[in-house]
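Contents: one structure, followed by commentary.
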Amino acid sequence: MLLSQCSFGPSAAQKAEAGRIGRAIDALRAAPNSAKRELFGALASASCETPELCQLKRICVAGFTVHLRALRETAHAKALLAEPSAQTEAAKALDTARAQLTEAARELAQCADAQGATIRKYRP
């Protein structure tokens with residue numbers, strides 16, 4: 001009788017991969033906004049081979065991409081607020097940033113849910 005690898009749970013390599021991706025997500029989530037762009041690169045470039053872990057990475061990269069876009073738009077709006085002639089443009093930028101932050105919150109909640117499932121499955 002042949003037993004599949006699945007019957008024994010995740011391999012050590014899969015657990016290590018889950019750990020690397022999980023740590024990159026945790027670091028990004030915990031970082032101050034000023035450090036997120038650099039840490040985003042670490043998550044985006046993290047290698048993955050296990051389809052389920054690659055999906056986790058995709059979900060989280062998508063959420064943090066929107067979050068970083070919102071942070072850029074917020075900074076743009078703040079710069080515009082310093083210019084009296086750009087108040088209308090600043091308001092539009094703030095509205096855009098607010099919408100992006102709302103979208104990012106939804107996507108990052110999906111990231112957190114997926115990460116929780118991954119932790120339960122790949123716990124060392």
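Treating r as the C-beta distance of ALA86 and GLU49 and R0 as 41 Å, the FRET efficiency rounds to 0.30.
Under 15 Å from the Cβ of ALA27, count the other residues' Cβ atoms, weight Lys and Arg +1, Asp and Glu -1, and hand me the total. Spelling it out: positives minus negatives among the neighbours equals +4.
Computed from Cα positions, the angle between helix 87-122 and the longest principal axis of the chain comes to roughly 10 degrees.
Cross-link partners for LYS57 among the aspartates and glutamates, with Cα-Cα distance under 19 Å and sequence neighbours closer than 8 places in the same chain left out: GLU17, ASP26, GLU38, GLU49, GLU103, GLU107, ASP113.
So, counting K/R as plus one and D/E as minus one, what does the shell of residues with Cβ under 11 Å around LEU56 add up to?
Taking every Cβ under 11 Å from that of LEU56, the sum is 0.
Calculated from DSSP H runs of 4 or more alone, at -39500 (n - 2.57) each and per residue, what is the 222 nm mean residue ellipticity of the chain, nearest 500?
Values: 4 runs with 98 residues, N = 124.
Here the helix-only value at 222 nm equals -28000 deg cm²/dmol.
Note on the chain: GNM, Cα springs under 10 Å; of ALA13, ALA46, ALA90, the largest mean-square fluctuation is that of ALA13. Treating r as the C-beta distance of LYS15 and GLU103 and R0 as 35 Å, the FRET efficiency rounds to 0.60. Once the Cα atoms are used to define both axes, helix 12-30 deviates from the longest principal axis of the chain by about 20 degrees.
Where nothing but the Cβ of Lys and Arg (+1) and of Asp and Glu (-1) is charged, how large is the charge dipole of the chain around its Cα centre, in debye to the nearest 20?
Working: 17 positive and 12 negative charges, 66 e Å.
In debye, rounded to 20, the chain gives about 320.
Using R0 = 41 Å, the C-beta based FRET efficiency linking ARG120 and ALA79 works out to 0.40. Against the longest principal axis of the chain, how steep is helix 33-44, in degrees 0 to 90 to the nearest 10, with axes from Cα atoms? So the inclination is approximately 40 degrees. By the rule of a C-alpha distance below 18 Å, with chain neighbours fewer than 8 residues away ignored, the lysines paired with LYS78 are LYS92.
Taken along its three principal axes, the alpha carbon spread of the chain comes to 77, 22, 18 Å, from the longest extent down to the shortest.
Simple spin-label estimate for ARG23 and PHE8 gives 2.4 nm between the two label positions (7 Å along the Cα-to-Cβ direction from each Cα).
Each reported figure results from applying straightforward, stated rules to the coordinates on display, with no laboratory input. In this text the structure is predicted, and so the values were computed from the model without any measurement. Reconstructed Cβ throughout: ideal geometry from the backbone, glycine too, with neighbour counts over all protein chains shown.
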